[in-house]
Amino acid sequence: MPKLFQVLHILVTILVFIVGCVAVAFGFSLDISYISYGGVSIIVSAVLYTIYKMDSVVTFPVVGEREKRATDILMLLLISVLAWISQSSPGVPTEFYTLFAFVHLIFILRILFAPSKLVLGQIILFAVTLQQALWNSAPVVGKDPRLHVGLTEFVANTGRIFTDPSIYYRDFPVAHVLGGLLGSLLDIPPRQAFFVAISIPATLGIVAVAATTNRLVTEHSMRASLFSALFLATLPDLVLRISYPIAQTLELAMIAPIILIIASPRRKRGTIIIFVLLGVLTFTHNVSLLILAFILGSLILFHILSKHIPNDWKAIEPSHGPPIVAFLITVISMVVYWDLIGYLRFQVMRALWTLFGMRGASEETASASFGGALFSLQDPVVQLAFGLFFIAAIAGFAGLWVLDQFLDNEVTDVAGVWAPASVLLVGFLGVSITVGGIGRATRLTAAIMLVFAPIAGITLSQLGRRRIGAGAVCLLLISPTALAVYAAENNDRNRLTPPTNRAVDDYPNHLSSSELSALKFAIDDGSKLRAVGYTAGYISSSSLTEHRKIISETANQDNLNMSWLSDCGGLTLYRANHKHFLGVEKPPSVNVIYDSGGGLLLRCPKISG
């Protein structure tokens, strides 16, 4: 390598490190923690790149077949124990996360020292174990899944699509039809049918991502493929999207194979499959095609730019052309269907509103209704956005790795097209978070990570071939699950822990079995029911197939006190955790007509004017 390039390596690394330090100091000075955490991500990427350049490649001892088989048996046993622990009590026990982190560490070590095709199947089981634990932590969990389960139940019970114009999912019925059809065929409850029909195919998309990685790289492809799969299996934002399935979750099961076909040198054979999947995506969710169009557009951009790379910098010519046809079909399908359902203008106005009027990340976290000390592990920005900082650190390292490939004249399809496009997508995600806030960004993260995961797997595999680098890979990959262990022990909000594992004074984003018993009693009673937000939302979402006599009314939880109860004129559901809210008093026992343990039904006299 020429001396000039060696100097450039050093200067770029130092510059990146300084930028990270400045961001950390700037965030501290303004008490804006997410700026400091972003700076830490930049510093971590510089450190990883320094290890990659300074540490020499080593050959690790060969693991025998007997040891591999023993490890395979051990992993299956540990995953079975995880599944049993997750069902041993309501919620997800803390012990589950301790063992989960241990199993995760074994996976990392196994991939580093003895990669095998069997490990991919184990990773899928590992991922499903976590997802079902979160989904089954309570009979009702999450906010949006309530509606999607209700729509699935409607399809299963009526055999037709929900057409009420008040719910825009009437124009995107694929997920609910699949869930309703599966529930009818297997005779299983709508809630479980929706999870099996949507979450399981989305998880299997990880297999397509691993196959994509295998096609993009030839050196140590098995290790890189497994790292890309493990990266996705425990990525907090992807786990969140799959564990609490909504209609958008199904897009992951289709975007992943589309990307796989795009990466194939013999893409023409998969053209029909791409067209079929694009057709299904059109009726899956409003932004599914928009995300895919951005992904394909990024790949096309860098395919074109790669043509202008000097020939003496190219290690090989690109193996296939840009996905122009798929991109055009995606855009045309999106625009035509949006216009057909009268959605195009709304989406344009929504984008403008998001860009110029929505709260950004700083305002969103500042107005959070929960929280801990800034710059600590209990900081809500750490707990909820850790996956994003985790992604940023790996993306920063990937960007430096691309620069290294250029300086070393080793520009391949990966370094010249896929890695830059992936880093660009992560950069777009960062801008979306800054403009639109953390909540909406998670809707983009999962699909974007399907493109970024192969690059993450390739760069982590390269880093893991160094002695110190192997340790760095272990620490980096285990960090999300280690934080989840801390969150579970301290009842903090975290994307890898369920709503049931929250502090008693936190907003309850779930319903327990006892609370559902109280609701069933109220339904049988037939009286008017008043319920606070989350419960009212569940009642309205679960009553789409029949007209119930109960009218749920949303009330501010701060008004759920004795003065409000005195004028309820019917039944009021009082949840056990309401007593932890400021200004809410426990009702007198004389008013209680039903006590299920977690929920009280109160009968209050109607006071006439």
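The values are calculated or read from the model by the stated rules, or taken from the named source; none is laboratory data. Small disclaimer: the values here were computed from a predicted structure and weren't measured. Cβ placement follows ideal geometry from the backbone for every residue including glycine, while neighbour counts extend to all protein chains displayed. Please note that ligands, DNA and RNA were not included when accessible areas were found on the heavy atoms of the full protein model with its side chains. Shrake-Rupley method; radii C 1.70, N 1.55, O 1.52, S 1.80 Å.
Return the only residue of 85, 79, 106, 73 being open to solvent by less than 20 Å² (accessible area, probe 1.4 Å) and free of Cβ contacts under 8 Å to residues at least 60 places away in the same chain.
79
For the residues 249, 282, 271, the requirement of being closer than 28 Å to residue 325 by Cα, open to solvent by 20 Å² or more (accessible area, probe 1.4 Å) and hydroxyl-bearing (Ser, Thr, Tyr) singles out 271.
Among residues that are over 30 Å from residue 81 (Cβ atoms), over 20 Å from the mean Cα position of the chain (by Cα) and not acidic (Asp, Glu), residue 181 is included. Restricted to the range 208-266, and to residues there that are more than 19 Å from residue 104 (Cα to Cα) and basic (Lys, Arg), the residue that is nearest to the chain's Cα centre (by Cα) is 241. The set of residues from the range 156-166 being in contact with a helix residue (DSSP H, G or I) (Cβ under 7 Å, 6 or more places away or on another chain) and open to solvent by 30 Å² or more (accessible area, probe 1.4 Å) comprises 156, 161, 163, 164. Among the candidates 218, 234, the residue that is at pLDDT below 95, closer than 27 Å to residue 120 by Cβ and not aliphatic (A, V, I, L, M) is uniquely 218. Hey, could you check the range 554-576 for residues that are modelled with pLDDT under 55 and under 35 Å from the mean Cα position of the chain (by Cα) and say which is surrounded by the fewest Cβ atoms within 10 Å (Cβ to Cβ)? Among residues in the range 554-576 that are modelled with pLDDT under 55 and under 35 Å from the mean Cα position of the chain (by Cα), the one surrounded by the fewest Cβ atoms within 10 Å (Cβ to Cβ) is 556. Of all residues in the range 154-197, exactly one satisfies the criterion of being in contact with a Pro (Cβ under 8 Å, 6 or more places away or on another chain), free of Cβ contacts under 8 Å to residues at least 60 places away in the same chain and within 21 Å of residue 342 (Cα to Cα), namely 161. Taken over the range 519-531, the residue count meeting the criterion of being touching a Ser or Thr at 6+ places or on another chain (Cβ under 7 Å) and either among the aromatic types (Phe, Trp, Tyr) or within 15 Å of residue 578 (Cα to Cα) (or both) is 2. Annotation for the range 117-125: at least one member residue is more than 29 Å from residue 179 (Cβ to Cβ) and aliphatic (A, V, I, L, M).
For the range 192-208, residues that are open to solvent by 40 Å² or more (accessible area, probe 1.4 Å) and within 13 Å of residue 145 (Cβ to Cβ) total 1. The residues on offer are 458, 468, and the sole one that is among the β-branched types (Val, Ile, Thr), surrounded by 20 or more Cβ atoms within 10 Å (Cβ to Cβ) and within 22 Å of residue 59 (Cβ to Cβ) is 458.
When the range 416-430 is examined, which residues are found to be closer than 18 Å to residue 302 by Cβ and either aliphatic (A, V, I, L, M) or at pLDDT below 85 (or both)? Selection gives 416, 417, 419, 421, 423, 424, 425, 426, 428, 429.
Looking only at residues in the range 511-529 that are part of a helix (DSSP H, G or I), closer than 13 Å to residue 602 by Cβ and not small (Gly, Ala, Ser), the one that is modelled with the lowest pLDDT is 525. Do we have any residue at all in the range 473-493 that's at positive phi and either without any contact (Cβ under 8 Å) to a residue 24 or more places away in the chain or assigned to a helix (DSSP H, G or I) (or both)? Within the range 473-493, one or more residues are at positive phi and either without any contact (Cβ under 8 Å) to a residue 24 or more places away in the chain or assigned to a helix (DSSP H, G or I) (or both).
So is residue 443 at pLDDT below 75, of a type in the set (D, E, K, R) and open to solvent by 30 Å² or more (accessible area, probe 1.4 Å) or not? When the stated conditions are applied, residue 443 passes them. For the range 485-492, the count of residues that are surrounded by fewer than 23 Cβ atoms within 10 Å (Cβ to Cβ) and in contact with a Leu (Cβ under 6 Å, 6 or more places away or on another chain) is nonzero.
Tell me yes or no: at least one residue of the range 148-156 is under 18 Å from the mean Cα position of the chain (by Cα) and charged (D, E, K, R). Looking through the range 148-156, none of the residues is under 18 Å from the mean Cα position of the chain (by Cα) and charged (D, E, K, R).
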